[in-house]
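Read-outs throughout are calculated quantities, based only on the coordinates presented, and are distinct from any laboratory measurement. All of these numbers come straight from a predicted model, not from anything done at the bench. No Cβ is skipped: glycine too gets one built from the backbone with ideal geometry, and neighbour counts run over all protein chains shown.
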Amino acid sequence: MQRAMRLLESVAGHECGAPAKQLARETGLALPTAYHLLRTLVHEGYLRRDKGLFFLGDAAERLASSGAPQKRRSTVVAALARWRDAIRAPVYYAVYREGEIDLVCVSDTPGNPAVQEWADFRATGHAHAIGQCLLSQLDEAARRDHLDRYPVQPVTPYTVRDGHSLLRRLERTRRMEPVFARQEYALGTVCAAVPITAGATAATIAVSLPVHQVHRLHPAAQQLQAEVGRLLGPLALSISI
């Protein structure tokens, strides 16, 4: 059952379909085993095959629609855990929703713990990479509205000093490039956030590291950006969880 589910999840990540060999490689299954399971899933209606490529079938679509919120959340949770283990750092997923910064999911381990929310995360978006990344994706009016409600205030000695400085920084942020913050929210911590835009929704995936590992921050952000790019289709559909 677990192997079949892995195949279904792999197929779901390929909007244009995928061949058996690729699905076997992605799921770590032996090719004969993958072929057998794929044939069974096609027979049961969970997959369909067209010109050597496998797509989700009607049964899978019905199952997905009946449990869509849970499936979307599972997609994000599984992705964050995979990236956490690959990068060896806590990974965060946040969206900007109804005028607020919403930290949706965090994936960490005892060896690589997430940053503790010691100051209200929503009110201190100016002080962390997640907030700055989300704000950089908004238009000018939405940014100013946010800062009117949550004025820039020092959180650490490294926090941006005022709203004008923050706005200038956000304006210089290039579209779809990672945003970095060093000890601006929590002393001893550096972080990077990768923007994700799906329609009108601003979202981000981020990582944090202890300051003594600051040399890993840029490589970690680049790795995260590459990983997000591979899963952008399913992840974009999951932004509304």
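Centre-to-centre, using Cα atoms only, region 5-62 and region 140-197 are separated by 43 Å. Using C-alpha pairs below 8 Å separated by at least 6 residues, the relative contact order for the chain is 17 percent.
Whole-Hz Karplus values for region 110-118 come out as x, x, 9, x, 6, 5, 6, 7, 8 Hz, taken residue by residue from phi with 6.51 cos²θ - 1.76 cosθ + 1.60 and θ = phi - 60°; glycine and proline positions read x. Note on the chain: with a GNM built from Cα contacts shorter than 10 Å, the maximum mean-square fluctuation among D145, D85, D108 falls on D145. Each Lys or Arg adds one and each Asp or Glu subtracts one; over the other residues with Cβ under 12 Å from the Cβ of G28, this totals +2. Residue separation of Q222 and Y35 scaled by 0.36 nm, minus their Cα-Cα distance, works out to 63.8 nm of gained length. Structural descriptor for region 143-184: relative contact order 39 percent, calculated from alpha carbon pairs under 8 angstrom and at least 6 residues apart. I need the calculated FRET efficiency for the pair Q153 and E15, taking r as the beta carbon distance and R₀ as 41 Å, to the nearest 0.05. The pair Q153/E15 has a calculated efficiency of 0.40.
Karplus-derived 3J(HN,Hα) values for region 87-96, using 6.51 cos²θ - 1.76 cosθ + 1.60 with θ = phi - 60°, are 8, 6, 7, x, 10, 10, 10, 9, 10, 9 Hz; glycine and proline are entered as x.
Near A114, the amide H atoms lying under 5 Å from its own belong to T109; only residues 5 or more places off or on other chains count, and H is placed 1.01 Å from N. For the chain, a Gaussian network of Cα nodes joined below 10 Å ranks S107, S74, S136 by mean-square fluctuation, and the top entry is S74. Structural descriptor for region 147-228: relative contact order 21 percent, calculated from alpha carbon pairs under 8 angstrom and at least 6 residues apart.
With everything on Cα atoms, drop me the angle between helix 217-230 and the longest principal axis of the chain, reported from 0 to 90° to the nearest 10. The angle comes out near 40 degrees.
What value in Å³ per residue do you get for the convex hull of the alpha-carbon atoms in region 71-148?
Taking only Cα atoms, region 71-148 has a hull volume of 101 Å³ per residue.
Relative to the longest principal axis of the Cα atoms of the chain, the long axis of helix 31-43 makes an angle of roughly 80 degrees.
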